[in-house]
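One structure below.
Just so it is clear, none of the values below were taken in a lab; they were calculated from the coordinates. Keep in mind it's a predicted model, so treat the numbers as computed, not measured. Glycine also receives a Cβ, built like all others from the backbone with ideal geometry; neighbour counts cover every protein chain displayed.
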Amino acid sequence: MEYGFHGKNIGIALTGSFCTYEKVFEAIRYLADKGANLHTIFSNHAASIDTRFGNCQEFINRAKDITGKVPIITIPGAEPIGPKAMLDILVIAPCTGNTLSKLANGISDTPVLMAAKSHLRNNKPLVIFLSTNDALGMNLKNIGILLNTKNIYFVPFGQDNYVAKPNSMVAHIDFLPDTIGKALEHKQIQPVIQSPSPVVAV
Ligand SMILES: Cc1cc2nc3c(=O)[nH]c(=O)nc-3n(C[C@H](O)[C@H](O)[C@H](O)COP(=O)(O)O)c2cc1C
């Protein structure tokens with residue numbers, strides 16, 4: 001289904017699941033091409049760690065090039081998101097187990113979590129694109145909390161490698177636009193659990 005993203009103010013908050021960045025950046029490009037007004041937010045780790053998946057400053061530059069805006073990389077930078085009603089929707093993509101667990105427990109000690117706290121105060125939707133090796137382990141309780149939290153929606157996710165990483169679950173990148181479209185109507189796209197995931201985390 002085609003959703004009207006033109007002119008929609010969409011925040012994309014990146015956390016340190018670096019293996020998903022290429023796919024997530026394709027989705028950011030897709031939303032930009034559809035005319036969305038995009039703001040990116042980077043967690044402290046997303047903004048400062050170079051990995052085999054790429055250089056953090058290059059990802060920040062790429063986000064700036066696609067969106068035409070300087071990414072938010074500090075807590076003071078993220079704080080006005082709520083008071084200024086900057087976003088129609090915030091998407092944490094990718095969302096690490098670390099950020100997921102903190103969000104579920106009301107912690108706001110990174111730019112991404114500050115953005116989430118600030119945005120949620122306006123009763124607006126927040127989408128989670130999960131990517132974590134402990135989804136069916138330590139973090140299952142936190143997924144449960146967030147699945148049952150008002151204004152929070154999930155990109156359908158599934159086990160990406162049940163043999164080598166039986167607790168790992170990753171969201172399906174192909175469903176990201178439709179999940180955003182539905183969440184803007186305050187609806188959860190279904191089915192929310194879908195395996196196997198086409199994204200293979202390492
Ligand atoms: C190369 C690399 C890949 C990682 N991939 C993931 C991942 O896919 N999912 C995850 O939950 N954490 C992953 N991590 C761990 C997170 O980056 C780490 O928990 C960090 O504290 C997350 O902080 P943030 O949630 O504030 O970005 C990875 C770390 C590294 C160095």
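A simple charge model with +1 on the Cβ of Lys and Arg, -1 on the Cβ of Asp and Glu and nothing else charged puts the dipole of the chain at about 460 debye relative to its Cα centre. Among 122, 135, 173, which residue has its Cα positioned farthest towards the positive end of the charge dipole of the chain, with +1 placed on the Cβ of Lys and Arg, -1 on the Cβ of Asp and Glu, and the dipole taken about the Cα centre? Ranked along the dipole, the leading option is 122. Its Kirkwood hydrodynamic radius, worked out from the mean inverse distance over all distinct Cα pairs, puts the chain at 16.4 Å. Between the amide H of residue 130 and those of 95, 155, 171, distances stay under 5 Å, these residues lying 5 or more places away or on another chain, with hydrogens modeled in the peptide plane.
What 222 nm value per residue comes from the helices of the chain, counting each DSSP H run with n ≥ 4 as -39,500 (n - 2.57) and dividing by all residues, nearest 500 deg cm²/dmol? List each step's numbers first, then the result.
Numbers: 8 runs with 69 residues, N = 202.
Per the formula, -9500 deg cm²/dmol.
Where does the charge balance sit around residue 139 when Lys and Arg score +1, Asp and Glu -1, over other residues with C-beta under 15 Å from its C-beta? Don't jump to the answer; show the numbers that get you there.
Values: positive: 102, 141, 165; negative: 134, 160.
Summing Lys/Arg as +1 and Asp/Glu as -1 gives +1.
Exposure proxy shown here: for 51, 40, the number of other Cβ atoms within 10 Å sets the order, fewest to most, as 51, 40. Across the stretch 74-152, the convex hull enclosing all Cα atoms gives 76 Å³ per residue. The stretch between residue 57 and residue 26, if pulled fully straight at 0.36 nm per residue, gains 9.4 nm over its current Cα-Cα span.
Normalising the Debye intensity of the stretch 1-96 to I(0), with uniform scatterers on Cα atoms only, and taking log10 at q = 0.17 Å⁻¹ returns -0.70. The mean sequence distance of close C-alpha pairs (under 8 Å, at least 6 residues apart), as a share of the length of the chain, puts its relative contact order at 21 percent. Each residue of the stretch 83-95 was assigned a 3J(HN,Hα) from its phi angle through the Karplus curve 6.51 cos²θ - 1.76 cosθ + 1.60 (θ = phi - 60°); the sequence is x, 8, 6, 6, 10, 7, 7, 10, 10, 8, 9, x, 10 Hz, with glycine and proline shown as x. Rg over Rh for the stretch 86-202 works out to 0.95, using Cα positions for both radii and the Kirkwood form for Rh.
Protection proxy ranking, highest mean first, for peptides 10-16, 173-179, 93-99, 72-78: 10-16, 93-99, 173-179, 72-78, where packing is the per-residue count of other beta-carbon atoms within 10 Å, averaged. The residues packed around residue 181, meaning those with a beta-carbon under 10 Å from its beta-carbon, carry a net charge of 0 if Lys and Arg are +1 and Asp and Glu are -1.
Loop sites by DSSP among the GluC sites (Glu not before Pro) of the chain, restricted to those with at most 13 other Cβ atoms within 10 angstrom, leave 3-184 as the longest stretch without any of them. Seen from residue 19, the other residues with C-beta closer than 11 Å to its C-beta sum to a net charge of 0, counting Lys and Arg as +1 and Asp and Glu as -1.
Lys-Lys pairs in the stretch 51-202 that are eight or more residues apart or on separate chains and whose Cα atoms lie under 18 Å of each other come to 13.
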